[in-house]
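The values are calculated or read from the model by the stated rules, or taken from the named source; none is laboratory data. All values derive from a computational prediction rather than experimental measurement. Backbone-built Cβ (ideal geometry, glycine too); neighbour counts: all protein chains shown. These accessible areas exclude ligands, DNA and RNA; they are computed on the full protein's heavy atoms, side chains included. Shrake-Rupley method; radii C 1.70, N 1.55, O 1.52, S 1.80 Å.
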Amino acid sequence: DVKVTQSSRYLVKRTGEKVFLECVQDMDHENMFWYRQDPGLGLRLIYFSYDVKMKEKGDIPEGYSVSREKKERFSLILESASTNQTSMYLCASSSGSTNEKLFFGSGTQLSVL
Amino acid sequence: AQSVTQPDIHITVSEGASLELRCNYSYGATPYLFWYVQSPGQGLQLLLKYFSGDTLVQGIKGFEAEFKRSQSSFNLRKPSVHWSDAAEYFCAVPGSGNTGKLIFGQGTTLQVKP
C-alpha cells in the first residue's frame, strides 16, 4: 500500500525554537509538497519540490524553508517558530504530471506557545 | 490566476438525504478538477477527478460530480448520504506550470444527522 508518512502527529514547540517537520514517501514520486491547513482557509501551499535538491516557493513561504536531500524525504523547517505558525501541516507527493493525484500524509498538528 | 471557491463552509444533512456540495473555479483553459475528502484525523483522499471527456464523473464511495463549463462549476453529489460521509470536502484545480501542485478551495464541512 502506498504511503506518505509524517514523523509526528502532534508537536508542541515554544516561540523562537527551530522546528523540523519530516515527510517520507515510498512511491518513488518526483513531486513533494508541504501545505498548511487552517479553518476557513483550506489548504495553502508553502513549498514544493519536483526533484532532489530542487525547491520552489508556494503561496505562503515566509517563515519557512525546506530541504530535499533524498528523493523520498522532504523536510519543512521553521527557523524561528512563531505563534501564527500554529497550524495543521500536510505533506503530499505525486508523480510527474498535472493530472496526477496527490497522496497525502495524515498531517502534523503543530502548536507554538 | 487559478482559484477555487467553495461557497458553503458548513452543511448539515440527514442520513439518507441527497447531498450537493458546490465548487466554482477560475481557470484559463479547460481545467483539470478534483474533489478530495478528509475524514477526522486523516490526510486527504481523492474522491474523483475530471480532465476530459464525459462531464459527469463517477468517484469512490458513491460520489459523482458534474463539470459545467458555462457555470464554471464542478459540484459534488451523492444521492443518499451515510453517517460515515461526515468529513471535510475540498475542491481543487492545478496551479500554474506543469508542476503537479494543486490549489484548494476553503473546504466544506459536512455534518450528517441521524
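Of everything listed in (1) away from every other protein chain (no Cβ under 14 Å); (2) part of a strand (DSSP E or B), the single unmet condition for residue A:5 is (1). Taken together, the residues in segment B:3-24 that are surrounded by 13 or more Cβ atoms within 10 Å (Cβ to Cβ) and polar (S, T, N, Q) amount to 3. Checked across segment A:22-30, the condition of being surrounded by 13 or more Cβ atoms within 10 Å (Cβ to Cβ), facing another protein chain (nearest Cβ under 10 Å) and outside any strand (DSSP E or B) holds for at least one residue.
Just for segment B:89-114: of the residues that are surrounded by 19 or more Cβ atoms within 10 Å (Cβ to Cβ) and away from chain A (no Cβ under 14 Å), which one is farthest from residue A:102 (Cα to Cα)? Going through the qualifying residues, I end up with B:112. Go through the residues of segment B:29-44 one by one and say whether even a single one is under 18 Å from residue A:45 (Cα atoms) and touching a Gly at 6+ places or on another chain (Cβ under 6 Å). Yes, some residue in segment B:29-44 is under 18 Å from residue A:45 (Cα atoms) and touching a Gly at 6+ places or on another chain (Cβ under 6 Å).
Only one of the listed residues (A:49, A:67) is more than 8 Å from chain B (Cβ to nearest Cβ), more than 25 Å from residue B:90 (Cα to Cα) and within 11 Å of the chain's Cα centre (by Cα). That residue is A:67. Considering the conditions (1) surrounded by 14 or more Cβ atoms within 10 Å (Cβ to Cβ); (2) in contact (Cβ under 8 Å) with a residue 24 or more places away in the chain, residue A:15 is excluded by exactly one of them, (1). Once segment B:40-88 is narrowed to residues that are in a strand (DSSP E or B) and closer than 30 Å to residue A:7 by Cβ, the residue that is most open to solvent (accessible area, probe 1.4 Å) is B:45. Applying the condition of being at pLDDT 95 or above and more than 11 Å from the chain's Cα centre (by Cα) to segment A:80-101 and asking which residue is nearest to residue A:3 (Cα to Cα) yields A:87. Could you tell me whether any residue of segment A:8-19 is within 11 Å of chain B (Cβ to nearest Cβ), touching a strand residue (DSSP E or B) at 6+ places or on another chain (Cβ under 6 Å), in a loop (DSSP other than H, G, I, E, B) and within 18 Å of residue B:42 (Cα to Cα)? Within segment A:8-19 (the criterion being within 11 Å of chain B (Cβ to nearest Cβ), touching a strand residue (DSSP E or B) at 6+ places or on another chain (Cβ under 6 Å), in a loop (DSSP other than H, G, I, E, B) and within 18 Å of residue B:42 (Cα to Cα)), the answer is no, since none of the residues qualifies.
Of the residues that make up segment A:90-111, is at least one away from chain B (no Cβ under 14 Å) and either of a type in the set (Lys, Arg) or surrounded by fewer than 19 Cβ atoms within 10 Å (Cβ to Cβ) (or both)? Working first, answer last.
First, pick out the residues of segment A:90-111 that are away from chain B (no Cβ under 14 Å): A:110-111.
Filter once more, so that each one left must be either of a type in the set (Lys, Arg) or surrounded by fewer than 19 Cβ atoms within 10 Å (Cβ to Cβ) (or both): A:111.
Scanning segment A:90-111, I find at least one residue that is away from chain B (no Cβ under 14 Å) and either of a type in the set (Lys, Arg) or surrounded by fewer than 19 Cβ atoms within 10 Å (Cβ to Cβ) (or both), so the answer is yes.
Within the set B:36, B:27, B:32, the sole residue that is at the interface with chain A (Cβ under 10 Å from one of its Cβ atoms) and either open to solvent by 50 Å² or more (accessible area, probe 1.4 Å) or aliphatic (A, V, I, L, M) (or both) turns out to be B:32.
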